[in-house]
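First comes the structure, then the notes that go with it.
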Amino acid sequence: MPLILIVDDSPTEVHVIRRALEKVGYETAVATDGAEGVRMAKTIRPDLILMDIVMPGVNGYQATRALARDPDTRGIPVIMVTSKGQESDRIWGMRQGAIDYLVKPVTAEMLVQKTQLALAG
């Protein structure tokens, strides 16, 4: 089963996202900030990363940009999952290397659908 790395500093959001993904059979791992997310991506090589933007230290934009620029991680798709709902936020997230952008709150159905699409390539 594919491994999804959830990068989010909110325990509540992590719980909701993890539950939705594990319910349909995905394996999950969690990082609580961007720096940890980048480190974990290099170590565990997830099939997909769900990235929050607003986090302490390295934010989601910075982490996504670092992943996209690193030859070891650039092939891992990143979906931004964030409360930042402005069009300019979405555009900036996509420019950093994200393949999709979801605004919280995200339904379990939408999360699973977008995850399946991302993993299908």
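The values are calculated or read from the model by the stated rules, or taken from the named source; none is laboratory data. Quick caveat, the model's predicted, so the values are computed rather than measured. Positions of Cβ are generated from backbone atoms using ideal geometry, with glycine treated the same way; all protein chains shown enter the neighbour counts.
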Handout entry: Only one of Met40, Met55 that is in contact (Cβ under 8 Å) with a residue 12 or more places away in the chain and surrounded by fewer than 19 Cβ atoms within 10 Å (Cβ to Cβ)
Key = Met40
Practice task
From (1) in contact with a Lys or Arg (Cβ under 9 Å, 6 or more places away or on another chain); (2) surrounded by 22 or more Cβ atoms within 10 Å (Cβ to Cβ); (3) over 19 Å from Thr12 (Cβ atoms); (4) not β-branched (Val, Ile, Thr), pick out the condition that doesn't hold for Ala63.
Solution key: (1)
Problem - Boolean, Lys84 is without any contact (Cβ under 8 Å) to a residue 40 or more places away in the chain and either within 20 Å of Pro2 (Cβ to Cβ) or aromatic (Phe, Trp, Tyr) (or both) - result: no
Problem - Residue among Leu111, Leu67 that is modelled with pLDDT of 95 or more, under 15 Å from Ile17 (Cα atoms) and of a type in the set (A, V, I, L, M) - result: Leu111
Exercise for the section: Can you tell me which residue among Asp72, Asp33, Asp8, Asp47 is of a type in the set (Asp, Glu) and either surrounded by 22 or more Cβ atoms within 10 Å (Cβ to Cβ) or at pLDDT below 95 (or both)? Expected result: Asp8
Completion exercise
When every residue in the range 79-120 that is surrounded by 13 or more Cβ atoms within 10 Å (Cβ to Cβ) and acidic (Asp, Glu) is compared, the one farthest from Ala41 (Cα to Cα) is Asp89
Practice task
Might you check whether a residue that is crowded, with 24+ Cβ neighbours inside 10 Å, within 19 Å of Lys114 (Cβ to Cβ) and in contact (Cβ under 8 Å) with a residue 12 or more places away in the chain occurs anywhere in the range 15-22?
Solution key: yes
Practice task
Considering each residue of the range 47-56, count those that are over 17 Å from Leu102 (Cβ atoms) and touching a Leu at 6+ places or on another chain (Cβ under 6 Å), and give that number.
Solution key: 1
